[in-house]
Protein chains: 4
Amino acid sequence: MIKAGIVGATGYAGNELVRLLLGHGGAEIKWLYSRNSAGTPYKEIYKNFFQIIDMDCTDRDLSELVSDVDVVFTATPQGYLSTVLNREMLNKARFIDLSADYRIKDIGVYEKWYHLSHGSPELVKDAVYGLCEINREEIRKTRLLANPGCFTTCAILTAYPLVKEGLIEEKSIVINALSGVSGAGRSAKVQNLFCEVNENAKAYGVTTHRHTPEIEEQLSIAAGKDVMVNFTPHLVPMQRGILSTISADLKAGTTEDAISAAYEKYYGKEQFIRLLPYGECPETRHTEGSNFVDIGFKVDSRTGRAILMGALDNLVKGAAGQAVQNMNIMFSLPESQGLTAIPMVP
Amino acid sequence: MIKAGIVGATGYAGNELVRLLLGHGGAEIKWLYSRNSAGTPYKEIYKNFFQIIDMDCTDRDLSELVSDVDVVFTATPQGYLSTVLNREMLNKARFIDLSADYRIKDIGVYEKWYHLSHGSPELVKDAVYGLCEINREEIRKTRLLANPGCFTTCAILTAYPLVKEGLIEEKSIVINALSGVSGAGRSAKVQNLFCEVNENAKAYGVTTHRHTPEIEEQLSIAAGKDVMVNFTPHLVPMQRGILSTISADLKAGTTEDAISAAYEKYYGKEQFIRLLPYGECPETRHTEGSNFVDIGFKVDSRTGRAILMGALDNLVKGAAGQAVQNMNIMFSLPESQGLTAIPMVP
Amino acid sequence: MIKAGIVGATGYAGNELVRLLLGHGGAEIKWLYSRNSAGTPYKEIYKNFFQIIDMDCTDRDLSELVSDVDVVFTATPQGYLSTVLNREMLNKARFIDLSADYRIKDIGVYEKWYHLSHGSPELVKDAVYGLCEINREEIRKTRLLANPGCFTTCAILTAYPLVKEGLIEEKSIVINALSGVSGAGRSAKVQNLFCEVNENAKAYGVTTHRHTPEIEEQLSIAAGKDVMVNFTPHLVPMQRGILSTISADLKAGTTEDAISAAYEKYYGKEQFIRLLPYGECPETRHTEGSNFVDIGFKVDSRTGRAILMGALDNLVKGAAGQAVQNMNIMFSLPESQGLTAIPMVP
Amino acid sequence: MIKAGIVGATGYAGNELVRLLLGHGGAEIKWLYSRNSAGTPYKEIYKNFFQIIDMDCTDRDLSELVSDVDVVFTATPQGYLSTVLNREMLNKARFIDLSADYRIKDIGVYEKWYHLSHGSPELVKDAVYGLCEINREEIRKTRLLANPGCFTTCAILTAYPLVKEGLIEEKSIVINALSGVSGAGRSAKVQNLFCEVNENAKAYGVTTHRHTPEIEEQLSIAAGKDVMVNFTPHLVPMQRGILSTISADLKAGTTEDAISAAYEKYYGKEQFIRLLPYGECPETRHTEGSNFVDIGFKVDSRTGRAILMGALDNLVKGAAGQAVQNMNIMFSLPESQGLTAIPMVP
């Protein structure tokens, strides 16, 4: 039984981690850390857990808590973990960080996009970017796992095979993404009130969204050369779900079949990536509550572009589910353990 | 492994049955019956099942199909099963009927409220009303299970202990219920279009809703005398969930403690009924995706009434989940098998 | 041109007042008071007003601001106005208060239900309860108008004719109400986040909601004897709208026709109350954006009860629209001026 | 008083036309044509109109009905009007067609994208494309007005000044658009049920959406050369609203200021186009119920692209509002008559 602790348990990603770990079978939650809710029973914060979990949140010293567990999940604001984590803690437990602190290798890029100074740059090189389907082998060995962002998981997985195989122009990638509101977290902000986001659609973070450099770094690694993208996220009135719609110029000679073959090559055996029949558009609801990413695409011979589409549940494959998948890999469990829930419709 | 068939697999309750049975572990779906969709792969009807189930809908003769299974679930329109079912079929398989055809013992009452003539009145006496927490022993033995309605499950379970213990005036019960839209089914009707039900609340079926006699019959059995209620359902813009708010005059001397004790007496050991702390109001979202019923209440000493509140997921405990719970009881499996999903928030 | 000031302009009711007054034709907004947003252009707070209103919020001394206007609308938290208002201010301008401070004549009742001590009890007797259709003559003459609550407008108007005519048992009234989320205001609270209220239904304030004594006081005046009710509000995932469903025991001999006649007697000539054909259920969306109250009812001869239903837009007839209607009456303008918008569907 | 008739009055665009014309002041509805609802009172189809309009739908011969009016609005399926309209009818009344039948000058393009054969190609050259802000002078004189589509109005207006001024690469335009569900109409289809579109986001019509050639034709006229775009619409769970997010490569030397100047040049004096401060993102809710188009943009110097964003209410500026605006122009009324509603938030 893997002993797990969760820092930042009261956010939506933390809540989803609790739900997934309680149903996992091979892991056991030892503590739930929250400074603001220390002493409060978790079931009072998330009443769906009434009679299911009977544990108070704690704010005991994290460096002590670490000794009680094999793995620590941190679902915390950007900049928190980098100022707290050190090698001693990493020697005691493995860390799966759902924040961005260890995702970007280039500290300068991190500090520029996040407007933060990084608290432990020396640890960044130890971190592995936890996109399971791509970095599985490195994930197995790491003690510091940088769990990818929700938008980035969706965008990177959707574009990766084409970038890797050199089927699209690296400088032509335009990513539009739609996100449900849970991605904005559970803090009390006017902008996330029901009456502010319902019956509304808007773009935000245009040209400045912090998932941009994460997407670019990973796709650049895949391409073996610099990839630069426009990433434009939108907020739409639903709770869960991310949909990425990516357009890119096809390199001369790229056919539908070549694209299908690329997807098949990298994802054909992946149990959490579902490649839809040609031309079919993924819908976020078909992934809701599950760890699936659904991917479809269409070639526009008129304009010489491909339209690539990916859909996932931002709290599962885009956060907690992928974190559990990473835990499974890191601890040599079956990769899908605890992640077999079928998407729930409606 | 229990072999199961589903008639009416393409509706929302049928879809939920498929989802629950696929994750059950002790049951196996042998066929999915649908006249309108015969020959269509189920995963094309509900694309959440893509790469999960690979089975076409069938319209083979039902009397033959019955031979292939141990249990038949019928998630069909009112009046269908009563004209199709006979003893021969019942000898081959057990039936769990999610329609209303066998719920009401008084055929005249059924025919009056449903405006249908009953096709097999001789089978009604064999049927057991499948409210698991109340009729568990009868359920164990029956071959014809009348699975309760969504509104009725919620209303009856919420009121039952008080009626049974004689704590409220039997003629004073007023039930208001709110329902998500999935309760209206998946047929193409203007009234259920997004733009017709979103941003809207309305009552419907006032004084005539067909769940009324079902509630009355069951509460009358509990009371040992005639109970007559006003039941007023409302449609609100959410997908899943039923909330019942019941007001009733307290009999002289009924205290909060007496009510708590009554709930405790009947439900204290029930794993799917969660009794909330006094005064707390259940919320449908805290049951979403689960088989739970959450119950709370408050006494108004000013007016001498109790306000009782129950919440559940209409597709799980209000339909498919309760059907699986009944199957588990009928086939001597652990009652919660396949029904342990934790409610998903948000 | 009536000169108007709005205190509490940044809440949803304040925002709706701005919208209605800008389209009124006979009124002019002189200032928008807000302590938290003083100095901020109103169009930055509510960007729907971009290029429509060019005015900063102010926190100048209210006793001075009063001199610049004929009427002050206060859309402020409970307890604010009662501690600020005095006769001198009232001599300078008329006040239309959207809070509860002057709605309840019995100070003890106010203080008990609101857990506040009233700051100006001597002014309460001067205040007129602004339910236009019922107190039109008193409204004409007052300088201090207590604008009714959203739930109360809906519940009282729906029940009034039957109570007034003695058609229902005064002690049997049970009111269930559904509210959209804008009724909860625009303050940053976790409980009103999109992900907390969407896909959810719950009751709240059970037996303790502060609109209860307001309903009881007004219905008692109508009945000429004490009326006591159970009022149970529910929150449902929509932005605007209130639906009241009221059950009450019919007095012996009360017929459908008698009820229809009572409604016709009091509302037959009212331009903002629409009496639906017998048995038809009002829907909140059919009133959205308008000042209408739609009322329907049904008699249940089985149980001897009537089910009365009323629907309105909580921000219009339930708040700002009724305030403007009251202004029109107080200033001898046509009662419907600025309030002729047709409900917007979908 | 302009006498108006509406064909296709029972759809959402028709309903919005009725609402706008009733509040217009200078127009009068003479008849509402509907084959499916002939004989039905309009207020029974859209109950928001209860006590507001008292007129039955008719299916009298259209060639006769035309004689009773000055203008006919056709909110009908694609292909209907082109097979019905002739010069004789056009001599009797002016036509404002909300379908696509006369929008595209190139019949071959129309027939290819719509999979229809055009019934009256000889009339196409007489038709004027009714994008008011761009074709105002031609609109004034025409008897056959092709009212633009909802997506196209938004996309073209957002991109037009940059294309016209040659600031962006004509072949680099990628348009992503989000639409509320009312754009899909009011017909009873499973895919538009609440439970199918709520809590969901999806692209559709990828590379084949029929608004594509309309956008291309208009932008090509503006550019004076061929423009070809990728247009990818998405369905999101809201009732009204369209948001366009357009990315395009900047031509060498194009600055923020140049773009601002271009917008100012073409729209600076337009009352229905609101140019937001640089970098601000339009939100559909800020236009709801109004005839506004809100436009914002941002330059990404890293990638050399501009991100242009436009928002509008698909039923107003995207359909009925623009139709009324066109009527105003065609009949020499003030262009904003009947269209001054302030956007309603929340």
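Quick one: in the range D:36-60, which of the residues that are of a type in the set (D, E, K, R) and either within 14 Å of D:Val7 (Cβ to Cβ) or in a loop (DSSP other than H, G, I, E, B) (or both) is nearest to the chain's Cα centre (by Cα)?
D:Asp59
Under 9 Å by Cβ, and 6 or more places apart or on different chains, what pairs join a residue from the range B:1-14 that is closer than 16 Å to B:Ala100 by Cα with one that is β-branched (Val, Ile, Thr) and in a helix (DSSP H, G or I)?
Every condition considered, the pairs that remain are B:Val7/B:Val84.
Being assigned to a loop (DSSP other than H, G, I, E, B), touching a residue at least 60 places away in the same chain (Cβ under 8 Å) and buried (at least 20 other Cβ atoms within 10 Å of the Cβ), is that true of even one residue in the range C:17-31?
yes
Going by what's in this entry, would B:Arg35 be described as at pLDDT below 95 and either in contact with a strand residue (DSSP E or B) (Cβ under 7 Å, 6 or more places away or on another chain) or among the charged types (D, E, K, R) (or both)?
Judged against the criteria, B:Arg35 is a match.
Inspect the range B:297-320 for any residue being farther than 18 Å from B:Glu165 by Cα, modelled with pLDDT of 95 or more and β-branched (Val, Ile, Thr) and give the result as yes or no.
Looking for residues that are farther than 18 Å from B:Glu165 by Cα, modelled with pLDDT of 95 or more and β-branched (Val, Ile, Thr), one finds at least one in the range B:297-320, hence yes.
How many residues, within the range C:174-192, are within 11 Å of chain B (Cβ to nearest Cβ), out of contact with any Phe, Trp or Tyr (no Cβ under 6 Å at 6 or more places or on another chain) and more than 22 Å from B:Val181 (Cβ to Cβ)?
Residues in the range C:174-192 being within 11 Å of chain B (Cβ to nearest Cβ), out of contact with any Phe, Trp or Tyr (no Cβ under 6 Å at 6 or more places or on another chain) and more than 22 Å from B:Val181 (Cβ to Cβ): 2 in total.
Considering the range C:131-162 alone, what residues qualify as being β-branched (Val, Ile, Thr) and crowded, with 24+ Cβ neighbours inside 10 Å?
Of everything in the range C:131-162, those that are β-branched (Val, Ile, Thr) and crowded, with 24+ Cβ neighbours inside 10 Å turn out to be C:Thr152, C:Thr153, C:Ile156, C:Thr158.
Hey, could you check the range B:49-62 for residues that are within 12 Å of chain A (Cβ to nearest Cβ) and either aliphatic (A, V, I, L, M) or free of Cβ contacts under 8 Å to residues at least 12 places away in the same chain (or both) and say which is surrounded by the most Cβ atoms within 10 Å (Cβ to Cβ)?
The selected residue is B:Phe50.
Those residues that are within 14 Å of chain C (Cβ to nearest Cβ) and on the phi < 0 side of the Ramachandran plot, I need them from the range B:270-280; list them, please.
B:Leu276, B:Pro277, B:Tyr278, B:Glu280
Looking only at the range C:229-246, which residues are part of a loop (DSSP other than H, G, I, E, B) and either at pLDDT below 95 or among the β-branched types (Val, Ile, Thr) (or both)?
C:Val229, C:Val236
Picking from C:Ser332, C:Ser336, C:Ser290, which residue would you name as being surrounded by fewer than 23 Cβ atoms within 10 Å (Cβ to Cβ) and either assigned to a helix (DSSP H, G or I) or at negative phi (or both)?
C:Ser336
When you look at A:Met238, is it among the hydrophobic types (A, V, I, L, M, F, W, C), free of Cβ contacts under 8 Å to residues at least 60 places away in the same chain, within 12 Å of chain D (Cβ to nearest Cβ) and surrounded by fewer than 20 Cβ atoms within 10 Å (Cβ to Cβ), yes or no?
no
Mind checking which residues of the range A:301-335 are within 14 Å of another protein chain (Cβ to nearest Cβ) and either over 12 Å from the mean Cα position of the chain (by Cα) or under 30 Å from D:Ser172 (Cα atoms) (or both)?
Across the range A:301-335, the qualifying residues are A:Ser301, A:Arg302, A:Thr303, A:Gly304, A:Arg305, A:Ala306, A:Ile307, A:Leu308, A:Met309, A:Gly310, A:Ala311, A:Leu312.
May I ask you to verify whether A:Asp101 is buried (at least 24 other Cβ atoms within 10 Å of the Cβ), touching a residue at least 12 places away in the same chain (Cβ under 8 Å), over 21 Å from A:Phe231 (Cβ atoms) and within 18 Å of the chain's Cα centre (by Cα)?
So A:Asp101 does not fit the description; no.
Consider D:Asn314 carefully, then state whether it is crowded, with 24+ Cβ neighbours inside 10 Å and part of a loop (DSSP other than H, G, I, E, B).
yes
Which of the residues belonging to the range D:34-48 are touching a residue at least 24 places away in the same chain (Cβ under 8 Å) and in contact with a Cys (Cβ under 7 Å, 6 or more places away or on another chain)?
D:Ser34, D:Ser37, D:Tyr42
Determine, yes or no, whether B:Glu256 is free of Cβ contacts under 8 Å to residues at least 12 places away in the same chain, touching a strand residue (DSSP E or B) at 6+ places or on another chain (Cβ under 9 Å) and surrounded by fewer than 21 Cβ atoms within 10 Å (Cβ to Cβ).
Criteria not met by B:Glu256.
Looking only at the range C:193-204, decide whether some residue is away from chain B (no Cβ under 12 Å) and surrounded by fewer than 20 Cβ atoms within 10 Å (Cβ to Cβ).
No, every residue in the range C:193-204 fails to be away from chain B (no Cβ under 12 Å) and surrounded by fewer than 20 Cβ atoms within 10 Å (Cβ to Cβ).
If C:Lys171 passes every condition in (1) within 14 Å of another protein chain (Cβ to nearest Cβ); (2) of a type in the set (Lys, Arg); (3) within 19 Å of the chain's Cα centre (by Cα) but one, which one does it miss?
Answer for C:Lys171: the failing condition is (3).
How many residues, within the range C:205-228, are in contact with a Leu (Cβ under 8 Å, 6 or more places away or on another chain), assigned to a loop (DSSP other than H, G, I, E, B) and buried (at least 24 other Cβ atoms within 10 Å of the Cβ)?
Of the residues in that region, 0 qualify.
Results for (1) more than 12 Å from chain A (Cβ to nearest Cβ); (2) crowded, with 16+ Cβ neighbours inside 10 Å; (3) touching a residue at least 12 places away in the same chain (Cβ under 8 Å); (4) within 17 Å of C:Gln51 (Cβ to Cβ), shown as yes or no for each residue.
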site	(1), (2), (3), (4)
D:Leu243	no, yes, yes, no
D:Asp249	no, yes, yes, no
D:Ala261	yes, no, no, no
D:Lys265	yes, no, yes, no
D:Gly268	yes, no, no, yes
D:Pro282	no, yes, yes, yes
D:Arg285	no, yes, yes, yes
D:Asp294	no, yes, yes, yes
D:Val299	no, yes, yes, no
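Test C:Gly39 against the stated conditions and say whether it is within 14 Å of chain D (Cβ to nearest Cβ) and exposed (fewer than 15 other Cβ atoms within 10 Å of the Cβ).
Here the answer is no, as C:Gly39 does not meet what is asked.
Which of the residues that make up the range B:210-224 are away from chain C (no Cβ under 11 Å) and closer than 21 Å to B:Tyr110 by Cβ?
B:Arg210, B:His211, B:Glu214, B:Ile215, B:Glu217, B:Gln218, B:Leu219, B:Ser220, B:Ile221, B:Ala222, B:Ala223
The values are calculated or read from the model by the stated rules, or taken from the named source; none is laboratory data. Here the structure is a predicted model, which is why all the values come from computation and not from measurement. All Cβ positions, glycine included, derive from the backbone under ideal geometry; neighbour counts span all protein chains shown.
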